[in-house]
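Visitor: Before we start, here is the structure in question, set down as structure tokens.
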Amino acid sequence: MEYKDIVAELRKKLGDSPEENEKILKREGEKFAHEGDLDSLKAVGELILENMPEERRNEVNRLTHIDGMRLDEMYGKIVELINEKKPLEALPLAERLYKKITLEYAESEKAKFVSLRNPFEDNLCQLLFKQDKTLNRTPFDFAAYITTYAYLLIETGANIDAIPVLERAIEYNPVDVGPRFELTEVYKIIRNKKMVLETTRQTLAVASSPTAIARCYENVGYTLTDFGDYEDAVIFYVASTMFSANPAISLEMQHVADLKGTPVVMPSRDKIIKTMKKYDINFGPDQKVIDTAAQLSTYYIGRKDIPNALNALKILYILTQDESVKNLIIRMDPKYAMQKPPADDSETETNRAGIKKSDNPVSES
């Protein structure tokens with residue numbers, strides 16, 4: 001259905017009461033969010049704005065636009081420039097977007113804005129980062145927008161300037177691995193081993209996919225190689241391949257072998273775990289992440305909310321490889337059995353610019 005037809009269908013459901021219309025549109029928005037129907041969500045947003053009193057509508061426009069361009073449209077322009085290899089043109093736009101976000105959506109004494117993208121992130125964030133303040137949802141994914149600004153700073157040589165920017169991105173979404181990975185990249189560039197290890201520990205605490213876990217170990221392997229800790233670097237590179245295959249790792253391990261002048265020796269699992277403990281780094285997914293996915297799936301199954309239950313179950317399965325979880329997914333979604341073995345979106349987890357086709361290993365809700 002074309003966008004204008006979606007708007008027309010929604011408009012047919014509205015009456016003369018602005019209050020009732022707002023309730024109807026919110027219900028429709030929740031339904032489309034569950035379905036992942038972005039065009040219909042956009043149409044709902046357009047009609048909600050249209051339904052508002054003029055004074056309120058003007059305020060919403062002020063908060064969500066820069067020079068008449070909606071914030072997500074400006075971000076789209078920034079991404080387009082990055083894809084065209086024009087970082088110097090993208091940088092001033094990204095800076096304007098960053099300043100707008102941090103000014104208009106600043107934390108106050110009683111409230112904080114967050115860009116949590118789905119129920120899983122919402123629950124994990126509230127478990128790991130308890131807040132006394134009221135959490136207000138941002139209209140767009142500000143963590144991704146700010147991370148992209150930091151990426152541009154790094155690409156144009158302003159590595160140190162990117163650090164506080166990335167810390168702001170993390171404040172908007174503490175459970176998004178994107179800004180945390182970008183922060184690790186900065187510390188790798190400036191050769192700060194202590195902070196590479198610290199940011200890796202923090203990232204592992206929120207990592208909800210095998211690819212994210214693998215990248216954490218790869219980052220440590222890179223830094224240990226950089227500092228001449230070759231034997232331990234091999235440990236982390238091997239651990240990385242245990243969670244997600246990456247052809248680049250074999251090249252990195254060959255590089256280590258060349259540096260130390262002898263072939264690498266494949267470590268045992270026990271050796272890997274023991275070495276990781278030396279660096280206070282866990283092997284595998286954090287138990288709190290697994291528990292959140294398990295509890296959320298149980299909650300949504302009880303409510304007969306199949307889309308959200310499936311999202312949580314798929315996270316649980318890719319982290320645990322539990323066949324009973326897989327069988328439950330197949331019972332709820334028989335088509336799942338015909339799909340390729342489940343894997344998270346590796347492009348999402350490794351794209352340094354934060355330019356994402358999908359924000360999570362599973363669809364948003």
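Visitor: Within the set of pairs 6 or more residues apart or between chains, which connect a residue that is farther than 12 Å from Lys42 by Cα inside the range 1-30 to a residue that is loosely packed, with under 11 Cβ neighbours inside 10 Å with Cβ atoms less than 7 Å apart?
Guide: Hits for this filter: Asn21/Gly15.
Visitor: So, in the range 55-93, exactly how many residues are at pLDDT 90 or above and part of a helix (DSSP H, G or I)?
Guide: So the count comes out to 20.
Visitor: Can you tell me which residue among Lys288, Lys304, Lys277 is open to solvent by 70 Å² or more (accessible area, probe 1.4 Å) and in contact (Cβ under 8 Å) with a residue 40 or more places away in the chain?
Guide: Lys288 is the lone residue from the list that is open to solvent by 70 Å² or more (accessible area, probe 1.4 Å) and in contact (Cβ under 8 Å) with a residue 40 or more places away in the chain.
Visitor: Would you say Arg96 is open to solvent by 80 Å² or more (accessible area, probe 1.4 Å), touching a strand residue (DSSP E or B) at 6+ places or on another chain (Cβ under 9 Å) and part of a helix (DSSP H, G or I)? Before the answer, list the steps.
Guide: Numbers: open to solvent by 80 Å² or more (accessible area, probe 1.4 Å): yes; touching a strand residue (DSSP E or B) at 6+ places or on another chain (Cβ under 9 Å): yes; part of a helix (DSSP H, G or I): yes.
Taking the combined requirement at face value, the residue satisfies it.
Visitor: Of all helices (runs of 4 or more DSSP H) completely enclosed by the range 109-180, which ones contain at least 3 residues that are modelled with pLDDT of 95 or more and open to solvent by 30 Å² or more (accessible area, probe 1.4 Å)?
Guide: Details: elements: 119-128, 142-155, 159-172.
Where helices (runs of 4 or more DSSP H) fall fully within the range 109-180 and carry at least 3 residues being modelled with pLDDT of 95 or more and open to solvent by 30 Å² or more (accessible area, probe 1.4 Å), they are 159-172.
Results for (1) under 20 Å from the mean Cα position of the chain (by Cα); (2) charged (D, E, K, R); (3) part of a helix (DSSP H, G or I), shown as yes or no for each residue.
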{"position": "Met195", "(1), (2), (3)": "no, no, yes"}
{"position": "Arg201", "(1), (2), (3)": "yes, yes, yes"}
{"position": "Val206", "(1), (2), (3)": "yes, no, no"}
{"position": "Ile213", "(1), (2), (3)": "yes, no, yes"}
{"position": "Tyr217", "(1), (2), (3)": "yes, no, yes"}
{"position": "Val238", "(1), (2), (3)": "no, no, yes"}
{"position": "Thr241", "(1), (2), (3)": "no, no, yes"}
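Visitor: Among the residues of the range 219-236, what is the count of those that are open to solvent by less than 10 Å² (accessible area, probe 1.4 Å) and either of a type in the set (Phe, Trp, Tyr) or not in a helix (DSSP H, G or I) (or both)?
Guide: Residues that pass the stated criteria total 1.
Visitor: Among the candidates Thr184, Thr156, Thr148, Thr200, which residue alone is within 23 Å of Thr64 (Cα to Cα) and not acidic (Asp, Glu)?
Guide: None of the others qualify; the one that does is Thr148.
The values are calculated or read from the model by the stated rules, or taken from the named source; none is laboratory data. Everything numeric here is computed off the predicted structure, so don't read it as measured data. Please note: Cβ atoms are built from the backbone with ideal geometry, for glycine as well, and neighbour counts cover all protein chains shown. Just the protein is used for accessible areas: all its heavy atoms, side chains included, with ligands, DNA and RNA removed. Shrake-Rupley method; radii C 1.70, N 1.55, O 1.52, S 1.80 Å.
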